[in-house]
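One structure is given below, encoded as structure tokens.
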Amino acid sequence: MFYTILEDLILYQRLSIKPSKYTNYELKLHNYFFNKTQIDPSYIILIKIEHIDFIFFFVKQNQYFQARAYLNSIRHNIKNKKVLIIGLDQTLINMLFNLFPDLYIDDIKVERNKGKEKYEISICFLKDLNTYHIAVGERGCYIKAINELMNNHITFDDDRTPLIIKCSKSL
């Protein structure tokens with residue numbers, strides 16, 4: 001990866017999460033998650049992409065592995081939804097690694113898309129097709145959910161840096 005100061009300026013920015021107001025369903029999910037894990041989730045964000053519902057449980061970084069131990073059980077109880085437990089972090093680079101926890105990220109590139117006035121962050125995976133397809137998701141739904149999460153719920157503290165996240169295969 002060719003190092004630039006621009007990448008540091010983008011990747012090490014501080015983040016804030018602005019969830020939507022909790023509905024009754026999100027309150028039920030919060031209570032369920034707490035009763036199951038004894039961990040109070042920091043945020044619960046629901047995103048619907050096409051026909052797939054994603055539930056993001058954000059927990060403090062030091063409680064991530066404890067909560068992750070319950071993930072299969074939670075997925076078994078909450079059927080027909082994609083349930084993810086994400087470690088909450090305050091910098092973009094760490095949040096990106098938390099959003100793709102089980103995958104081997106080979107490289108992260110930052111480019112400016114002048115046509116859209118946004119920064120594009122490309123997360124590059126090795127040629128292993130399984131990890132790439134897991135990252136993108138069925139019909140690209142997971143990466144679309146991540147982009148909606150970044151556009152509508154996760155903001156930079158300076159609030160001036162719109163971005164798009166893409167997945168690609170390294171050469």
Of all residues making up the stretch 34-63, the number that are out of contact with any helix residue (DSSP H, G or I) (no Cβ under 7 Å at 6 or more places or on another chain) and under 23 Å from ASN152 (Cα atoms): 8
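Out of the residues in the stretch 117-160 meeting the condition of being outside any helix (DSSP H, G or I) and in contact with a helix residue (DSSP H, G or I) (Cβ under 8 Å, 6 or more places away or on another chain), tell me which one is modelled with the lowest pLDDT.
Of the residues in the stretch 117-160, the ones outside any helix (DSSP H, G or I) are 117-128, 137, 153-160.
Imposing the further condition that a residue be in contact with a helix residue (DSSP H, G or I) (Cβ under 8 Å, 6 or more places away or on another chain) reduces the set to 119, 121, 123, 125, 137, 154, 156.
Numbers: TYR119: 76, ILE121: 82, ILE123: 79, PHE125: 73, GLY137: 70, ILE154: 80, PHE156: 75.
Filtering first and then ranking leaves GLY137.
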Conditions (1) in a helix (DSSP H, G or I); (2) under 27 Å from ARG139 (Cα atoms); (3) hydrophobic (A, V, I, L, M, F, W, C): number failed by PHE54: (1)
Residue satisfying all of: in the stretch 27-56; aromatic (Phe, Trp, Tyr) and closer than 13 Å to ILE78 by Cα; nearest to the chain's Cα centre (by Cα) among these: PHE56
Of the criteria (1) modelled with pLDDT under 95; (2) more than 23 Å from LEU11 (Cβ to Cβ); (3) not charged (D, E, K, R), which one LEU99 fails: (2)
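What about ILE39, is it within 18 Å of ASP89 (Cβ to Cβ), touching a strand residue (DSSP E or B) at 6+ places or on another chain (Cβ under 8 Å) and either free of Cβ contacts under 8 Å to residues at least 12 places away in the same chain or not in a strand (DSSP E or B) (or both)? Give the steps one after another, and end with the answer.
Working: within 18 Å of ASP89 (Cβ to Cβ): yes; touching a strand residue (DSSP E or B) at 6+ places or on another chain (Cβ under 8 Å): yes; either free of Cβ contacts under 8 Å to residues at least 12 places away in the same chain or not in a strand (DSSP E or B) (or both): yes.
Yes; evaluated as a whole, the condition is true for this residue.
Yes or no, residue by residue, for (1) free of Cβ contacts under 8 Å to residues at least 24 places away in the same chain; (2) surrounded by 18 or more Cβ atoms within 10 Å (Cβ to Cβ); (3) assigned to a strand (DSSP E or B):
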residue: LEU9; (1), (2), (3): yes, no, no
residue: TYR25; (1), (2), (3): yes, no, no
residue: PHE34; (1), (2), (3): yes, no, no
residue: ILE47; (1), (2), (3): no, yes, yes
residue: GLN63; (1), (2), (3): no, yes, no
residue: SER73; (1), (2), (3): no, no, no
residue: ILE85; (1), (2), (3): no, yes, yes
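The values are calculated or read from the model by the stated rules, or taken from the named source; none is laboratory data. This is a predicted model, so every value here is computed, not measured. Glycine also receives a Cβ, built like all others from the backbone with ideal geometry; neighbour counts cover every protein chain displayed.
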